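Comments concern the structure below.
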Amino acid sequence: MFNFFNNSVKPAENRERKLFSAASGTVVPLETVPDETFSKRMLGDGVAVIPSDDVIVSPADGLVSMLYPAGHAFGMVLPNGVELLVHIGVDTVSLKGAGFRRFADENDVVRAGDPIIKVNRRFLIAQGYNPVTILIVTAAQRYLFDFVKPGTKVKRGSIIASF
């Protein structure tokens, strides 16, 4: 679809068909996310993590295709064409950027594990927001994704899905 990777990023073979956790924490069923857009898989299939710390990293090597001004979400395109959305919290767009600090910009080429956003989870929770972090594969028709099971404890950068 897009050809952003003409010589800029060539992922390591062992990483090409894997997604890594964008957050440390506990995996929960996507169906339990209190937002129907995600829980009913309207944007695609994925996985959710209740974060245990404040740094959100890139889940794969790729291009940051969009970064919401509020800092609560970003999209990526991987060299193989897979498109991802990472969304931090439920309804957090209404915070208008409060509690979020961006480390990346749109059109940045990043590696899996690179910091993208720092979130102040305590602030989000104090304001009444659920901090669940959601990873959605928005264009997954060509691949079958195998996500880790709910209840799994993950660390940033640990494998969360393979395809």
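Grab the other residues whose beta carbon is less than 13 angstrom from that of residue 91, score K and R as +1, D and E as -1, and report the net.
-1
Under the rule of at least 5 residues apart or a separate chain, name every residue whose amide H is placed under 5 Å from the amide H of residue 139.
83
Helix-only estimate, please: 222 nm mean residue ellipticity of the chain, summing -39500 (n - 2.57) across DSSP H runs of length 4 or more and dividing by its residues, to the nearest 500.
So the calculated ellipticity at 222 nm is -1000 deg cm²/dmol.
Pick out, from 85, 57, 110, the residue whose Cα sits farthest towards the positive end of the charge dipole of the range 21-151, with +1 on the Cβ of Lys and Arg and -1 on the Cβ of Asp and Glu.
Farthest towards the positive pole: 57.
So if the hydrodynamic radius of the chain is defined as the Kirkwood radius over C-alpha pairs, what does Stokes-Einstein give as its diffusion coefficient at 10 °C and 1.306 mPa s, in µm² per second?
Reported coefficient: 102 µm²/s.
Please give the net charge around residue 68, taking every other residue with its beta carbon less than 11 angstrom from that of residue 68, where Lys and Arg add +1 and Asp and Glu add -1.
+1
Strictly over 18 Å apart at the Cα level, which of 118/155; 118/149; 18/155; 40/96 would you flag in this model?
Values: 118/155 15 Å; 118/149 26 Å; 18/155 15 Å; 40/96 25 Å.
In this structure, 118/149; 40/96 lie more than 18 Å apart at Cα.
For the range 6-162, what is the charge dipole size about the Cα centre, in debye to the nearest 20, if Lys and Arg each add +1 at the Cβ and Asp and Glu each add -1 at the Cβ?
It comes to approximately 360 debye.
Collect residues whose amide H, placed 1.01 Å from N in the peptide plane, falls under 5 Å from the amide H of residue 58; neighbours closer than 5 in sequence don't count.
Excluding prolines and chain starts, which carry no amide H, the hits are 113, 114, 116.
Relative contact order of the range 21-151: what whole-number percent is it, with Cα pairs under 8 angstrom and at least 6 residues apart?
Numbers: 295 pairs, mean separation 43.4, N = 131.
Relative CO of the range 21-151 lands at 33 percent.
Can you list the aspartates and glutamates whose alpha carbon is less than 17 Å from that of residue 153, not counting same-chain residues fewer than 8 positions off?
Qualifying aspartates and glutamates at Cα under 17 Å: 53, 54.
If you build a Gaussian network model of the chain, linking Cα atoms that sit under 10 Å apart, which residue out of 65, 94, 21 swings the most?
Largest GNM mean-square fluctuation: 94.
Which listed residue (163, 26, 134) has the Cα farthest towards the positive end of the charge dipole for the chain, taking +1 on Lys and Arg C-beta and -1 on Asp and Glu C-beta about the Cα centre?
Working it through, the farthest residue towards the positive pole turns out to be 26.
FYI, it's all coordinate maths here, none of it is from the lab. Worth saying up front: this structure is predicted, and the values here are computed from it rather than measured. Cβ atoms come from the backbone with ideal geometry, glycine included; neighbour counts cover every protein chain shown.
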